[in-house]
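Enquirer: I have a structure here, written as structure tokens, and I will follow up with some questions on it.
The values are calculated or read from the model by the stated rules, or taken from the named source; none is laboratory data. The shown structure was predicted, so the numbers you read here are calculated from the model rather than taken from an experiment. We place every Cβ from the backbone using ideal geometry, glycine too, and count neighbours over all the protein chains shown. Ligands, DNA and RNA are excluded from the accessible area calculation, which covers all protein heavy atoms including side chains. Shrake-Rupley method; radii C 1.70, N 1.55, O 1.52, S 1.80 Å.
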Amino acid sequence: MPDYATQYRCIGKGFCGSVWSLEGHQDENSAIKREDGAPGRSVTNDYEMHMRVLQSAHRHPPSTPLSIPQCHELIQPTDAWWQPRLQQFPAGYTACRALISERIPKVPRRISDKIADLFCVGNTTLAEFVKNNADDNACLIRPYLGRRRRHKQQSPSTSRFQRFSLRNVPLHLDQMEALGLDTTSYAETMADALAMMHWGARIDANDVEFVLAPPRKVDSPSAFQSEYLGTHCMWILDFDCCRPLTMDEAGIERACEAFFKNDPFFPKPGTGGAADEDLWQVFKKRFLMASLRIMAEATEDERNLAAKLMERIEEEGHLRKSRTADQPDSAN
Ligand SMILES: Nc1ncnc2c1ncn2[C@@H]1O[C@H](COP(=O)(O)OP(=O)(O)O)[C@@H](O)[C@H]1O
Ligand SMILES: [Mg+2]
């Protein structure tokens, strides 16, 4: 007998919609993305792009610890699915278009507690609040390989009103280095993911998110091991802003634009820092390698697109750096 008594909890919010899950329930491994956000954003497109990514990953399995949530079902507002389940959402919520996919496992409290302490240093009231706050239970970590914090540990804020959330908590490159995390492997995994999305799924990967989180319980691929974060994988999510990519110059321009528009996940060329440049070289080398593997049967013109994209990104990176020469930390 299905259990329709457990209430859905909101585990995330974006411009497209809100994301919900059932905890302690037979369906706890599912995430429901409701199309109840800004007009013009579409879970139908999310579904179509997500399916392309899954098919591509099936054809070209990444060799790095990259996980892609399974994509289960697109639900229409009139579908019978809603009938028994609407009561499981808070009062006032109506049936809408929704996408059901696999829930990315949350970072367990024993690890997210350490992250709360790291970010709320000097403000134990805030740290304790976050550690016990139900809304901060759904912790995912964003690896920002393309950004360092401007001011390392600032003088600690003791304000009760300082805001901090464990949902999508950003770990910047300097923090990952300090925590001994394997930024090189993260860069390689991101490069594999981007090559797979561009040349296998043939999408621009616009606005796709990367998160570090535990591997799925069964059938998980290889994983990263870390003393601080435990066993974890890199997951990708949120495909609703992706568009098909044309295999030509216009496609390269589009992919370059998406690369810089995205949150600062990817390592960046031309920032001026030696460690950042090294990480960019790791990313580039791996991207070119993965691209050749995926495009083994493509035409020569298509295979050349990968190198063209890397050149275009380097050119754009240096251009951005020279434009922001007066504000070195704002080059993202
Ligand atoms: N499958 C999932 N598993 C766990 N958390 C998710 C999942 N999908 C989305 N989320 C959470 O919900 C947030 C919003 O979802 P997202 O797909 O990014 O929506 P939007 O398109 O509105 O940005 C994400 O940033 C993430 O924190
Ligand atoms: Mg999002």
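Enquirer: Just need a number here: residues in the stretch 215-265 that are of a type in the set (A, V, I, L, M, F, W, C), within 16 Å of ligand 2 (Cβ to nearest atom), open to solvent by less than 20 Å² (accessible area, probe 1.4 Å) and out of contact with any helix residue (DSSP H, G or I) (no Cβ under 6 Å at 6 or more places or on another chain).
Expert: 3
Enquirer: Can you name every residue in the stretch 285-302 that is open to solvent by less than 50 Å² (accessible area, probe 1.4 Å) and in a helix (DSSP H, G or I)?
Expert: Residues satisfying the conditions are Arg286, Phe287, Ala290, Ser291, Ile294, Glu302.
Per-residue answers, yes or no, for (1) under 30 Å from Arg286 (Cβ atoms); (2) away from ligand 2 (no atom under 16 Å from the Cβ); (3) in contact with a helix residue (DSSP H, G or I) (Cβ under 8 Å, 6 or more places away or on another chain):
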{"residue": "Tyr8", "(1), (2), (3)": "no, yes, yes"}
{"residue": "Lys13", "(1), (2), (3)": "no, no, no"}
{"residue": "Gly17", "(1), (2), (3)": "no, no, yes"}
{"residue": "Arg41", "(1), (2), (3)": "no, no, no"}
{"residue": "Asn45", "(1), (2), (3)": "yes, no, no"}
{"residue": "Leu54", "(1), (2), (3)": "yes, yes, no"}
{"residue": "Pro61", "(1), (2), (3)": "yes, yes, no"}
{"residue": "Pro77", "(1), (2), (3)": "no, yes, no"}
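Enquirer: While we're looking at this one, here's another question. Only residues in the stretch 1-24 that are farther than 25 Å from Tyr47 by Cα count as the first member; pair them with residues that are modelled with pLDDT under 95 and near ligand 1 (Cβ under 6 Å from one of its atoms), Cβ under 7 angstrom, at least 6 apart or cross-chain, and list the lot.
Expert: Qualifying pairs under 7 Å: none.
Enquirer: Would you mind finding the one in Thr299, Thr271, Thr246, Thr324 that is under 30 Å from Asp117 (Cβ atoms) and not charged (D, E, K, R)?
Expert: From the options Thr299, Thr271, Thr246, Thr324, the qualifying one is Thr271.
Enquirer: List the number of the failed condition for Arg97; all other conditions in (1) at pLDDT 95 or above; (2) out of contact with any helix residue (DSSP H, G or I) (no Cβ under 9 Å at 6 or more places or on another chain); (3) open to solvent by 50 Å² or more (accessible area, probe 1.4 Å); (4) not polar (S, T, N, Q) hold.
Expert: If we test Arg97 against (1) at pLDDT 95 or above; (2) out of contact with any helix residue (DSSP H, G or I) (no Cβ under 9 Å at 6 or more places or on another chain); (3) open to solvent by 50 Å² or more (accessible area, probe 1.4 Å); (4) not polar (S, T, N, Q), just (2) comes out false.
Enquirer: Additional query: Six or more apart or on different chains, Cβ under 7 Å: which pairs go from a residue in the stretch 106-119 that's assigned to a helix (DSSP H, G or I) to one that's aliphatic (A, V, I, L, M)? Could you list them?
Expert: Ile111/Leu229; Ser112/Leu166; Ile115/Leu166; Ile115/Val169; Ala116/Ala127; Ala116/Val130; Ala116/Leu166; Asp117/Ala127
Enquirer: For Thr189, state whether it is in contact with a strand residue (DSSP E or B) (Cβ under 7 Å, 6 or more places away or on another chain) and within 26 Å of Gly273 (Cα to Cα).
Expert: yes
Enquirer: Residues to consider are Asn168, Asn206; find the one that is out of contact with any His (no Cβ under 7 Å at 6 or more places or on another chain), over 18 Å from Phe260 (Cα atoms) and within 15 Å of ligand 1 (Cβ to nearest atom).
Expert: Within the list Asn168, Asn206, the selection yields Asn168.
Enquirer: How about the stretch 286-304: which of its residues are under 18 Å from Met190 (Cα atoms) and touching a Phe, Trp or Tyr at 6+ places or on another chain (Cβ under 9 Å)?
Expert: Ala290, Ser291, Ile294, Met295
Enquirer: Right, here's the next one. Of the residues Asp192, Asp182, Asp204, Asp174, which is within 30 Å of Leu309 (Cα to Cα), touching a Lys or Arg at 6+ places or on another chain (Cβ under 9 Å) and open to solvent by 10 Å² or more (accessible area, probe 1.4 Å)?
Expert: Asp174
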